[in-house]
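Read-outs: derived from the displayed coordinates by stated rules, not from any lab. Nothing here was measured: the structure is a model prediction, and the numbers come from that model. Cβ coordinates were reconstructed from backbone atoms using ideal geometry, including for glycine residues, and neighbour counts include every protein chain displayed.
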Amino acid sequence: MEKALIAVIIFLFAYGLIISEKIHRTLTALAGGTLLILFQVINQETAFHHIDFNTIGLLIGMMIMVSIVSQTGLFKYLAIWAAKKVNADPVKLLVSLGVLTAVSSALLDNVTTVLLMTPVIFSITAKLKVTPIPYLITEILTSNIGGTATLIGDPPNIMIGSAVKELTFVAFVNNLALISVVILAITLAILVLIYRNRLKTTDELKAKVMELDERKQIQDVPLLKKCLFVLALTIGAFCFHQVLHLESATVAISGAILLLVMTYAKSEHELERIFHKIEWLTIFFFVGLFVLVSGLVETGIISVLAKDLMTLTEGNSVATVMLILWLSAIASAFVDNIPFVATMIPLIKEIGTMGVTNLEPLWWSLALGACLGGNGTLIGASANVIVVGLAAQSGHSISFVKFFKVAFPLMLLSIMISSVYIYLRYLI
């Protein structure tokens, strides 16, 4: 009991510092995790065990590949191409980039997508002289919505698919793609209403963008071909990672190593430059956050909370499904969704031993709640932290409160829509 109290106090204090932004979030997370070990709430071995190295490896691998691809001029090409497709209209660009982000997040994964898309957003908004903040917030929201649609789109889906072999890539698409498209359309429509008055530029700037030749932005064609080849292999491996019996981190690291061997195998200077571009502050924030949350997991706080709430349903299937959906959404907004999903998976399996024969609605509720709930706050999902980190490096700070005011209501709306969908499709 004493350890549980210490874990809660440290977590709440650290979370308060993250929200207030008085101390850098990476330092706060690492300090909180270290305090848990110093106060012997958890030991070092347990802390390391809770660090999700699959997520860490995926991030590092994709960061390496993206840093190499960025040298080809591909991002500038995409920025100009996207702008010209909508006649350089800032509001339409918000929608087009949102759709592109969502589709890419479903086919790749949302972390990779935001790594690819964020430089595009900075480039095109600079040319149009509009603030990138609305586009970055849209990118975060649509990346998590798009990632909800497939097995490989978001880490919680990967974990659920790994734990339940019957839930294949096709099963995720059949059950989650349609509702993701509906939520995406509604979210983009509301974002346009929120930001339309801030997204204005001059006809002269539009004309200058339309005059640009995107093909001239490609700086290194041979390098681009190598990058596209490796990215295609990596994407294919992501799609079939279950068949290949490979974790997503292994796929990402393998792709990064292959691309490094094909490009900079003999250049120590280039290798150092590539590794210098890895967002180490973001990586160590995740490390600290995993350890920080492990205190709640190991002391049974999350498990007790989930089990106590489950007793409220009294075995009613509709109430149980809705509880898991909403509990997952709210918890994932404030606690990283990966450790929460790790706690909920055995809990749902345990429900299956209590006579509940149809667990499928529970799994889809967990997936929707965890993935969409990650949109609630800046630390709710991996993609959120990545975008905020890149934005800060570029001099565009997104505060916790600024994001919360826009994202949290939209997250609640998406869960309301999901509730209707799950009820009509699975529970009638």
Can you give the extra length, in nm with one decimal, that the chain gains between Phe240 and Gln393 once fully stretched, where that is 0.36 nm per residue apart less the Cα-Cα distance? 51.6 nm
XL table Lys92/Lys129; Lys92/Lys277; Lys3/Lys402; Lys165/Lys277; Cα-Cα > 26 Å flagged, in table order, is Lys92/Lys277; Lys3/Lys402; Lys165/Lys277
Identify all lysines with a Cα-Cα distance to Lys307 below 18 Å; exclude those on the same chain that are fewer than 8 residues away in sequence. Lys349
Which distance in nm do the two modelled labels at Ser303 and Phe39 give, with both placed 7 Å along the Cα-to-Cβ direction? 2.0
Reciprocal of mean inverse Cα separation for the range 276-425 (Kirkwood radius, Å): 16.3
Counting only trypsin sites (Lys or Arg not before Pro) that sit in a DSSP loop (anything but H, G, I, E, B) with at most 15 other Cβ atoms within 10 Å, what is the longest stretch of the chain containing none of them? 278-428
Fewest-first sequence of Tyr135, Tyr264 by Cβ atoms within 10 Å of each Cβ: Tyr264, Tyr135
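Given the chain, report the % of alpha carbon pairs whose separation exceeds 42 Å.
12
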The Kirkwood hydrodynamic radius of the range 53-280, taken as the inverse of the mean 1/r over all distinct Cα pairs, in Å, comes to 18.4
For a quick check, take a GNM of the chain with Cα springs below 10 Å and name the residue from Gly57, Gly395, Gly300 with the largest mean-square fluctuation. Gly395
Short version: what are the Cα gyration tensor semi-axes of the range 2-58, square root of 5 times each eigenvalue, largest first, in whole Å? 19, 18, 8
With a Förster distance of 22 angstrom and the Cβ-Cβ distance between His269 and Leu27, calculated FRET efficiency to the nearest 0.05 equals 0.15
Per the Debye formula with a single identical scatterer at each Cα and no solvent contribution, what log10 I(q)/I(0) holds for the range 193-272 at q = 0.17, 0.19, 0.23 Å⁻¹? -0.80, -0.85, -1.04
Could you check the spin-label model distance between Arg196 and Ser162? Points 7 Å from the Cα along Cα→Cβ, value in nm. 4.4
Going by C-beta contacts inside 10 Å, put Leu325, Leu191 in order with the fewest on the left. Leu191, Leu325
Out of Gly374, Gly352, Gly33, a Gaussian network model of the chain with alpha-carbon springs under 10 Å gives the largest mean-square fluctuation to Gly352
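I need Leu12, Leu359 ordered by Cβ neighbour count within 10 Å, fewest first.
Leu12, Leu359
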What aspartates and glutamates does Lys206 reach when the alpha-carbon gap must be under 17 Å and sequence neighbours fewer than 8 apart in one chain are set aside? Asp89, Glu214
Which of the helices in the chain, when you take each full DSSP H run, stretch at least 20 Å along the axis at their Cα atoms and have an average Kyte-Doolittle score of -0.5 or higher? 2-20, 53-69, 90-107, 110-128, 133-147, 169-195, 221-239, 248-264, 280-298, 317-334, 337-352, 400-422
List residues of the range 2-42, by number, whose backbone nitrogen lies under 19 Å from a label position 7 Å along Cα→C-beta of Ile278. 26-27, 30
